[in-house]
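Input: a single structure, listed below in structure tokens.
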Amino acid sequence: MRVPFVDLARQYKALSPKFHAALDAVGESGHYILGPEVSALETEFARYCGTQFAVSVGNGSDALLLPLLYLGLGPEDEVITAPNSFAASAWVVVKSGARLVFCDVDEQTMNLDPEQVRSAVTPNTRALLPVHLTGRIADMEALGAIANDRALKLIEDSAQAVGARRDGARAGSLGWCAGFSLHPLKNLHGYGDGGLITTNDRALVTWLQKFRNHGLHNGCCEFWGINSRLDEVQAAFLRIKLPLLDSWNDRYRTLAQRYIEGLRDTVDVPKLYSNEEPVFHRFMLRHERRDELKAFLEGRGVETRVNYPIPLHLHPAARNLGYQRGDFPISEKLANSILSLPLYPEMTEVEVDYVIEQILAFPV
């Protein structure tokens, strides 16, 4: 048997008749940019996340970058984030003009450790940027307390966590604002790039709506902005998919639980808390012989990934920040041991069981 890491075509085939109808409707409408489909998606997504507003942008990176630009940060300002993430979580801070500060993570959740964050905050800190890694929401209660104590902006990197809950609240509703990615590998994805920002801050929304469209308002350029617009076709497709998201996320959880039950006596699998409802954008196990296990599985037809094999503070791009190997031992330990297994709603139980069987067959 061959089990691909992801098979996006399965979902597309199931929905293609609706997509074709939506494409025809957009084509016949004559509205292709910032039209009624985009507006409706923003309204529906805000309602889904439990926020007053959602603003669409061209990609998930801009969904994090634009709120940072709104803050008008300078080289003396600091933004704290995690080093065990995708590069976008870091470079948006640099491009905002602020100093990028890393902080280590909790070994169990792989999310920012609030105690480490509290120690890292300085008088120059302006914002915290927790990453809800693998679809598990960070400890926003503790991080929120730090932000409130120090008057910091709390920005959720919710790229991997659309639909996730913690203490009953959804990702995207737990900070000042949140950035979501609609990249094809995300739980709610388009057919190209796209992003969404959620917030309850009306002033931020007014600025975002102008900045994403060159700074224009009523034909007048009020300030220099950029072009970061979600198109009508993508919005129409996403509106078809959004009502299905909860059922897909339920399927992620069901299959993840199957992995957990089948593997917990053999390898290190996620241990969940009663107050969280993750969406398992990635299912990461940990193994001290990770590379050998990966090669073994691929030899038996199971495609896996090593996500974030190099912590961000050790990338050449971060050299000027002055970090060294050993500065963030938990993130570095995770980078050497995590392995992502295939997981997507269209997977079958037979495929999941086959993956489990092959891992159990790995020579000790």
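Structural remarks
- Gly72 being at pLDDT 95 or above and more than 19 Å from Ala171 (Cα to Cα): yes
- Only residues that are small (Gly, Ala, Ser) and not in a loop (DSSP other than H, G, I, E, B) were counted in the range 288-342, giving 7.
- Against the criterion of being under 26 Å from Leu182 (Cβ atoms) and in contact with a Ser or Thr (Cβ under 9 Å, 6 or more places away or on another chain), Phe237 does not qualify.
- Only a single criterion out of (1) among the acidic types (Asp, Glu); (2) under 28 Å from Pro363 (Cβ atoms); (3) open to solvent by less than 50 Å² (accessible area, probe 1.4 Å) is not satisfied by Glu276, namely (2).
- Taken together, the residues in the range 176-189 that are out of contact with any strand residue (DSSP E or B) (no Cβ under 9 Å at 6 or more places or on another chain) and small (Gly, Ala, Ser) amount to 0.
- Scan the range 17-36 for residues that are within 27 Å of the chain's Cα centre (by Cα), over 23 Å from Asn213 (Cβ atoms) and either free of Cβ contacts under 8 Å to residues at least 24 places away in the same chain or open to solvent by 90 Å² or more (accessible area, probe 1.4 Å) (or both) and the total you get is 1.
- Positions within the range 227-266 being open to solvent by 60 Å² or more (accessible area, probe 1.4 Å) and not charged (D, E, K, R), in sequence order: Asn227, Pro243, Ser247, Thr254, Gln257, Thr266
- Residue check for Arg251: modelled with pLDDT of 95 or more, of a type in the set (D, E, K, R) and closer than 25 Å to Ile33 by Cα: no
- Single match in Ala142, Ala147, Ala127, Ala178 (criterion: more than 22 Å from Ile240 (Cα to Cα) and either surrounded by fewer than 18 Cβ atoms within 10 Å (Cβ to Cβ) or of a type in the set (Ser, Thr, Tyr) (or both)): Ala142
- Subset tally (residues that are outside any loop (DSSP other than H, G, I, E, B) and either touching a Phe, Trp or Tyr at 6+ places or on another chain (Cβ under 8 Å) or of a type in the set (Ser, Thr, Tyr) (or both)) for the range 152-179: 4
- Among the candidates Arg202, Arg212, Arg229, the residue that is closer than 30 Å to Pro345 by Cα and in contact with a strand residue (DSSP E or B) (Cβ under 8 Å, 6 or more places away or on another chain) is uniquely Arg229.
- Some residue of the range 43-50 being open to solvent by 20 Å² or more (accessible area, probe 1.4 Å) and among the hydrophobic types (A, V, I, L, M, F, W, C): no
- Residues that are assigned to a helix (DSSP H, G or I) and β-branched (Val, Ile, Thr) were ranked within the range 115-151; the one that is nearest to Gly168 (Cα to Cα) is Thr134.
- Taking residues in the range 40-56 that are of a type in the set (D, E, K, R), and partners anywhere that are at pLDDT 95 or above, the pairs with Cβ atoms closer than 8 Å and at least 6 places apart or on different chains are Glu42/Phe53; Glu42/Ala54; Glu42/Val55; Glu42/Ser56; Glu42/Leu196; Glu44/Arg239; Glu44/Leu242.
- The set of residues in the range 204-240 being of a type in the set (D, E, K, R) and without any contact (Cβ under 8 Å) to a residue 40 or more places away in the chain consists of Lys210, Glu222.
- Restricted to the range 210-226, and to residues there that are open to solvent by less than 30 Å² (accessible area, probe 1.4 Å) and either in a loop (DSSP other than H, G, I, E, B) or touching a Phe, Trp or Tyr at 6+ places or on another chain (Cβ under 7 Å) (or both), the residue that is nearest to Val55 (Cα to Cα) is Arg212.
The values are calculated or read from the model by the stated rules, or taken from the named source; none is laboratory data. Remember, it's a predicted structure, so these values are computed and weren't measured experimentally. Cβ sites come from the backbone with ideal geometry, for glycine too, and all protein chains shown count toward neighbours. Surface accessibility is based on the protein's heavy atoms, side chains included, excluding ligands, DNA and RNA. Shrake-Rupley method; radii C 1.70, N 1.55, O 1.52, S 1.80 Å.
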